1. List the pairs whose first member sits in region 60-83 and is on the phi > 0 side of the Ramachandran plot, whose second member is within 12 Å of the ligand (Cβ to nearest atom) and at pLDDT below 90, and whose Cβ atoms are under 6 Å apart, counting only residues at least 6 apart or on separate chains?
2. Which one of the conditions (1) closer than 21 Å to TYR20 by Cα; (2) of a type in the set (A, V, I, L, M, F, W, C); (3) within 16 Å of the ligand (Cβ to nearest atom) does ILE65 fail to meet, given that it meets all the rest?
3. State whether the residues of region 13-21 include one that is at pLDDT below 85 and loosely packed, with under 11 Cβ neighbours inside 10 Å.
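The values are calculated or read from the model by the stated rules, or taken from the named source; none is laboratory data. This is a predicted model, so every value here is computed, not measured. Glycine gets a Cβ as well: all are built from the backbone with ideal geometry, and neighbour counts include every protein chain shown.
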Amino acid sequence: MILVASSMIKVRIVFYGTGYNKYNVGVNYQTIHAEHDAINRLKYTKNMKTVNVLVFRISRNKKDILCGKPCENCQKRILKDINQKGYRVHRVYYTISNDEISFIRNSELCY
Ligand SMILES: [Zn+2]
């Protein structure tokens, strides 16, 4: 996951965090998705920043870009947890395939 601050003139990466999907962790054998993992590593900021989030997913053999659209649970976390760390999410971009990318607007994210 990459958090990118957007402006009319330039795009600046304010945070770059990697997350991995983790399966069967903890006492309840929960699954932690990469987005959740990356948000946990995100540092707090005191000055509210509007950011875009990019979620990308690659195949195990690292040759192909796959659909990285965040699930409902991760969409809720992206909104709530990132906000608690001092950021406001504008759009969540996600990869679809090797040559396609799409996004979800803030207003379309699952609450
Ligand atoms: Zn998820």
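1. none
2. With respect to (1) closer than 21 Å to TYR20 by Cα; (2) of a type in the set (A, V, I, L, M, F, W, C); (3) within 16 Å of the ligand (Cβ to nearest atom), ILE65 is out only on (3).
3. So far as region 13-21 goes, yes, one or more of its residues are at pLDDT below 85 and loosely packed, with under 11 Cβ neighbours inside 10 Å.
Conditions tested, residue by residue: (1) away from the ligand (no atom under 16 Å from the Cβ); (2) free of Cβ contacts under 8 Å to residues at least 40 places away in the same chain; (3) within 12 Å of the chain's Cα centre (by Cα).
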site	(1), (2), (3)
ALA34	no, yes, yes
THR45	yes, no, no
MET48	yes, no, no
VAL55	no, no, yes
LYS85	yes, no, no
HIS90	yes, no, yes
TYR93	no, no, yes
